1. Taking just the alpha carbons, could you work out the radius of gyration and Dmax for the stretch A:549-643, both in angstroms?
2. Please go through the residue pairs A:K39/A:K193; A:K124/A:K239; A:K557/A:K606; A:K402/A:K455; A:K39/A:K91 and name each one whose alpha carbons sit more than 20 Å apart in this structure.
3. Given the C-alpha atoms of chain A, compute the convex hull and give its volume per residue in Å³.
4. Add -39500 (n - 2.57) for each DSSP H run of 4 or more in chain A, then divide by its residues: what number comes out at 222 nm, to the nearest 500 deg cm²/dmol?
5. So how far, in whole Å, is the C-alpha centre of the stretch A:541-613 from the one of the stretch A:160-187?
6. Give me the distance between the Cα centres of the stretch A:374-405 and the stretch A:272-337, rounded to whole Å.
7. Using alpha carbon centroids, what distance separates the stretch A:190-264 and the stretch A:620-645, in Å?
8. Give the carbon-plus-sulfur fraction of the accessible surface of the stretch A:66-238 in %, rounded to a whole number; probe 1.4 Å, heavy atoms of protein chains only.
Amino acid sequence: MINITLPDGSVRQYNQGVTSFEIAQSISEGLARNVLAAKVNGSVWDITRPINEDATVQLLTWNDEEGKNTFWHSSAHLMAEALEELYPGVKFGIGPPVENGFYYDVDLGEQSFSQDEFAKVEQKMLELARTKNEFVRREVSKAEAVDYFTQKGDEYKLDLIKDLEDGTITFYTQGNFVDLCRGPHLPNTSSIKAVKLMNVAGAYWRGDESKKQLTRIYGVTFPKQKELTEYLERLEEAKKRDHRKLGKELELFAFSEKVGMGLPLWLPKGTLLRERLEQFMRKAQVKAGYQPVVTPHIGSKELYVTSGHYEKYGADSFQPIKTPNENEEFLLKPMNCPHHCEIYKTRPRSYKELPVRFAEFGTVYRYEQSGELHGLTRVRGFTQDDAHIFCRPDQVKEEFIKVIDLVLYVFKALGFEDYTAQISLRDPENKTKYIGTDEVWEKAESAIIEAAAEKGLRTVTELGEAAFYGPKLDFMVKDALGRKWQLGTIQVDYNLPERFQLEYIGADNAKHRPVMIHRAPFGSLERFVAVLIEHCGGNFPLWLSPEQFAILPISEKYHDFAQEVYNKLEEEDIRGFVDNRDEKIGRKIRDAEVRKVPFMLVVGEKEQENNAVSVRRHGEGDLGSMTVDEYIKMFKSKIAETLNK
RNA sequence: GCCUCCAUAGCUCAGCUGGUAGAGCAACUGACUUGUAAUCAGUAGGUCGUUGGUUCGAUUCCGACUGGGGGCUCCA
């Protein structure tokens, strides 16, 4: 007999060789029906694999990440089996589960594969699933594995086997399909009831551009048809929040082929939104001790040779602009830091005045590969809410805390709650690729870690993700489709102070090198607005709304009164418009609702008599009538609520 | 950049197997003077992304180009 410890701490006795499935059966029939995989002593196993010694066992179902992954991993094999039947000679790369489903990288040789063939593959998968083929695990020697795939002629699997240790290799077989696989898998294919291939894409073998490009087929499967239907509906919902769609509908920004790809045009309403964000940040930054500066959009090539950016990015960047006569070379500004370094250098600095903080909404241009562009989140010209802090090494932690405070203030004012912070440190195994001494790195790294901890941030730490010039802290948020975007960033830099020979005079009357901190709470205005649009589905916080009210006169007779109300609101810096079209009130309300205007102010005979407005809130409906002054008061208190915590 | 899909009116889209195009909304004009999510009628608007080719004939088929979407980290 062996002892099996379950997650609740209870210990049960079973015969040696018991399977997780049998354990599930002994607990309840329902659990036995739903169990997909099991975590045995911390590693995920097939539920049909015998357990031969005392172990802790956690049974995994569809509700567990690992259970789902097992389901999708098996689905990837099922798809591979279907592909092999339909496209003889197909070779396989890798086929893992991913966040929403799975994919398999395949080499179809001369055969092409497009979306038109999805239905055929889906049919075949369902047909194979119904045969209830078992997934059979088998340990094989490296020689046998090599032998099998040599015979099959699958060079990708051979490439994978090459890196595996003999004695750790397993095959999984279901039906006629044999795959090199660590597992685990479902007991059999029959629980895969709903299948949908999502899309097809190219992917380089092992993510290496120099290697062959395989066809990556994405799919998703579910144990029930209903779950697939719901999943597809959720996707549709998410699409409605897409910032590119809403940006067009709400007339915030646009792109033009003539202007060039990746170069956003900000429309009047988008500009209003953007300016509000800028104002908000300016105010917060002045309070936090930043000094605004302005620098030009180009800089001489020398500037970037000094900063090192020319060497690193020069070749695959927008190329230098030349003056016609002197042949001087200028670069479009790809970042603001070198300019700010030169501002720092305009006069000697004393340790007493540090830290100095230069802030600029600097528009920069970077050459992104055409396939990397995406709406407003990845563009070729964008404006950073940039600032550079020059401080003494002993001030790094304090400055970090202040910047984190600023970022958190911004996130709070804009309703971002679901974010994570990533601390990127250097790779301890490979310290040589970083500039700066061990001592300053250790100091800065611990400063970041302590600052994040003191602020109670939810963090993940990534070793080796630091820039070569210093460690950093990034804030990540998810968009409507679950894709992760980096917003705010705080980076320590030892490189530029060195390259620009920045100095300050210390208390000892000697020259010292300051530490530079780059930081951008929004990241870029463009990306921030994009994520904000998706985050709030186009219903911006009241203070940011480009159109905060719409005055809707019942008929032409009340246009004068409407204008009166409008003027009064404008004086109070509340923005909106009067809808004086010859339309019925119902129509005006509908249009304002569609435009996501937060407040609709209906004015007619009653309102004119009482100097009042009939207030309707977007998405909520009629709030009743109030005087214009009362409305202004209510409006302002609502804004104060969000902005002053 | 590479793989793949897409490109028709300002917007959203229809147009079967090749015979030079339609709808709804928006715009414009007129009537209606309106009380909480679409008043009615009329008018105008397209070199069917660009460019080669096949064809008697191409929005439709093939190629190239341009632009856009999805993907190119997630180690069997």
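The values are calculated or read from the model by the stated rules, or taken from the named source; none is laboratory data. Everything numeric in this text was worked out from a predicted model, so none of it was measured. For neighbour counting, all protein chains shown are included, and Cβ atoms are generated from backbone atoms with ideal geometry for every residue, glycine included. With ligands, DNA and RNA removed, areas are computed over all heavy atoms of the protein, side chains included. Shrake-Rupley method; radii C 1.70, N 1.55, O 1.52, S 1.80 Å.
1. Cα radius of gyration and Dmax of the stretch A:549-643 are 12.3, 38 Å respectively.
2. Working: A:K39/A:K193 24 Å; A:K124/A:K239 29 Å; A:K557/A:K606 12 Å; A:K402/A:K455 10 Å; A:K39/A:K91 31 Å.
Pairs exceeding the cut-off: A:K39/A:K193; A:K124/A:K239; A:K39/A:K91.
3. On the way: hull volume 154.3 nm³, N = 645.
Considering the Cα atoms of chain A, their hull volume per residue is 239 Å³.
4. Working: 20 runs with 228 residues, N = 645.
Taken over chain A, the calculation gives -11000 deg cm²/dmol.
5. Cα centroid of the stretch A:541-613 versus Cα centroid of the stretch A:160-187: 67 Å apart.
6. 14
7. Rounded to whole Å, the Cα centres lie 40 Å apart.
8. Values: 3930 of 8430 Å².
For the stretch A:66-238, the apolar C and S fraction of the accessible surface comes to 47 percent.
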